[in-house]
1. Output needed: percent of Cα pairs per 10 Å distance bin for the range 111-266, bins running from 0 to the one holding the longest distance.
2. Report the paramagnetic label zone for L40: residues of the range 70-111 whose backbone N is under 16 Å from a point 7 Å from Cα along the Cα-to-Cβ axis.
3. Please sort 188-197, 115-124 by packing, taking for each peptide the average over its residues of neighbouring beta carbons within 10 angstrom, highest first.
4. Using only the alpha-carbon atoms of the range 31-90, report the extent along each of the three principal axes, biggest first, to the nearest angstrom.
5. Between the range 164-229 and the range 45-119, what is the C-alpha centre distance in whole Å?
6. Beyond 28 Å, what percent of the Cα pairs of the range 34-192 remain?
7. Expected output is a single nm value to one decimal: the length gained when fully extending between V167 and V103, i.e. 0.36 nm times separation in residues minus the C-alpha distance. What is it?
8. With every protein chain present, what accessible area does L53 have (1.4 Å probe, heavy atoms only), rounded to the nearest 10 Å²?
Amino acid sequence: MRIAHIALGLSLLVSTGCFTAAPRKEPTVESIPVGACNPLPCANITIASLPPLPESFSLEARSAIMQRVARALYAPLDTIETEATQEQFIESVKAHYDEYLQVKDPETVVDWQVSRSAFIIFANDAFVSVVVKNEGYLGGAHGFRDEQIFVFDGQSGKVLTWDDILVTESRDIFVRAAEAEFRRARDIKPSESLEEAGFTFPNDTFALPLNFAITDRGVSLHYNPYEVGPYVMGPTDCVVPIDVAGPALNTAVINLTGVSKGQGLL
């Protein structure tokens, strides 16, 4: 019995509430089949590489950013963080698919879909926000999807953290604002605890996610599936608007003063 494919189209627009526009410089998209795709079986790999970075960035920064993005873009299927090339990533997919074919009943074999994409959601002369998406279907009960989001400094290429972008004295205020937006996105009443709503924050206390971006809308937060809840709840996205986030931002690192919607995109 042939199981229907799960269509996982590569989208260069971000569909969540956090991000509102696609980069104007489109990435290079490659489609690589592994195996005999007609008829089954095969693994279909789609890779969209990062578009050019702002020319105002230093050469050191551009090199560091491209290396860090490549590390996320080409990580093998079973490894989150490792140095790898595109060729090594393709070989890792092929090796895993070969193992799958050996253990599966030929009548139940399905195509695999693996998509990796890197794109810019916001950039100005000082920093750039980049998303690396990893999604696909490997023949299991459901597909997978996660995002790594980076904010890079345009002169050093450093990955900026919450400690870099937030003023220490204002962090608690920002966290409260972020929780309010999280609750709004998930329709959680103020009287309802996060645990009661189905989320698994440590000690039932809201915490900022690993993945965030700075955009023309403000500070965007992204929680991957499993990060603070079961897979069935999916990802969670929310935005702390510029007018709310602004006072908490370290303007020596991140300055959105005067930025209007649509500015900063390449």
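The values are calculated or read from the model by the stated rules, or taken from the named source; none is laboratory data. It should be emphasised that the depicted structure is a prediction, and the values quoted were computed from it without experimental measurement. All Cβ positions, even for glycine, are placed from backbone atoms using ideal geometry, and neighbour counts span all protein chains on display. The area values use the complete protein model at the heavy-atom level, side chains included, leaving out ligands, DNA and RNA. Shrake-Rupley method; radii C 1.70, N 1.55, O 1.52, S 1.80 Å.
1. Calculated P(r), rounded to whole percents: 10, 37, 33, 17, 3, 0.
2. 97-111
3. Values: 188-197: 12.1, 115-124: 22.9.
Ranking the peptides 188-197, 115-124 by packing returns 115-124, 188-197.
4. Extents along the principal axes: 49, 22, 13 Å.
5. 29
6. Numbers: 5157 of 12561 pairs.
Of all Cα-Cα pairs in the range 34-192, 41 percent lie more than 28 Å apart.
7. Working: separation 64, 0.36 × 64 = 23.04 nm, distance 5.34 nm.
Difference between extended and current length: 17.7 nm.
8. 10
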